[in-house]
Amino acid sequence: MTATKTPRRAWVEQIMGLPISIHLRGDDVRSEATEAVVARVYRRLRWVDSVFSTYRQDSTVSALRRGEVEVDEVVGAVGYIVDVCAEASRVTGGCFSADLPDADGVRRFDPSGVVKGWAIGEAAKLLGELPGHSYCINAGGDIATGYGPDCPREVRDQAWRVGLQSPHRADAIVRTVELHTGGLATSGLYARGNHIYDPRTGTYPTTTGSVTVSGPDVMWADIWATALFVGGKESEELLHQWDPRYSVIRLT
């Protein structure tokens, strides 16, 4: 007797300059209620982009960077992200910073290294309200997975399999990670070139390879992936002391 496959469905929209995909498993993936939750997730992500984008001149963060407003004058989410950036710098020993050089070389507030992971984590919370389904949301390699209330065990037990790309060949998957709940993020230069800044030295590392971090929270996985790429293998002890639930995969 052939086992019945769990219905599955995927959506994708271009937001924050990258494709953001949502994958669901469950019996009601085609229901209006499911469609409404997915639409709500994408609306939330578009709002995040309107507030935090450093590329949009009309965003709140762009106004903050120009000195037109102060943190205490803007929406509360901005203040929260400012606090997270400060905490991230502290716990990573200065390997992570939101004080980054702009195109003109002037260091300005740039929370992009926190915002994408935070936005995906917030989107995951909304998907986690959908009864009977498991989910995987992916934004440029920042991935969050989980399931909603009353999710059948056979659905919960199906892992989401995430392939890790070779840092040397775009067409090669060299490792696979299975996720049920939590998040994963990867940092490296192979996709976007020399864009990662070392705030301790004021330079851009040219390290090859990649660092993938997985754990309970995709935002912190993303922060630590950047910090560990900058800090090297010796900085992993900081992560293990901070929260031993996070795992690290280095590809060289």
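The values are calculated or read from the model by the stated rules, or taken from the named source; none is laboratory data. Not measured: the values here are computed from a predicted model. Cβ coordinates were reconstructed from backbone atoms using ideal geometry, including for glycine residues, and neighbour counts include every protein chain displayed. These accessible areas exclude ligands, DNA and RNA; they are computed on the full protein's heavy atoms, side chains included. Shrake-Rupley method; radii C 1.70, N 1.55, O 1.52, S 1.80 Å.
For residue 125, go through the lysines and keep the ones whose alpha-carbon is under 21 Å away, minus same-chain ones fewer than eight residues off.
Counting by Cα, and skipping residues close in sequence, residue 125 has these lysines nearby: 116.
Would you mind checking the radius of gyration and Dmax of the chain based on alpha-carbon positions, in Å?
Rg, Dmax (Cα atoms, Å): 18.7, 67.
State the Kirkwood hydrodynamic radius of the range 1-88 in Å, one decimal place, computed from all pairs of distinct Cα atoms. Let's see the in-between values first.
On the way: mean 1/r = 0.0637 Å⁻¹.
About 15.7 Å for the range 1-88.
Considering the Cα positions of the range 4-49, please state its Rg to one decimal place and its Dmax as a whole number of Å.
Every Cα atom of the range 4-49 included, Rg and Dmax give 11.8, 40 Å.
Please report, in whole Å, how far the alpha carbons of the range 1-151 spread along each principal axis, starting with the longest.
65, 33, 26
So, for the range 97-252, what is the accessible surface per residue at a probe of 1.4 Å, expressed in square angstrom? Spell out each step's value before the answer.
Values: 7180 Å² over 156 residues.
In whole numbers, the range 97-252 has 46 Å² accessible per residue.
Of the accessible area of the chain, with the probe set at 1.4 angstrom, what percent is carbon plus sulfur?
Numbers: 6140 of 12710 Å².
Its accessible area is 48 percent carbon and sulfur atoms.
Arranged from highest to lowest average of other beta-carbon atoms within 10 Å per residue, in what order do the peptides 21-33, 165-177 appear?
Working: 21-33: 16.9, 165-177: 13.0.
Highest mean packing first, the order is 21-33, 165-177.
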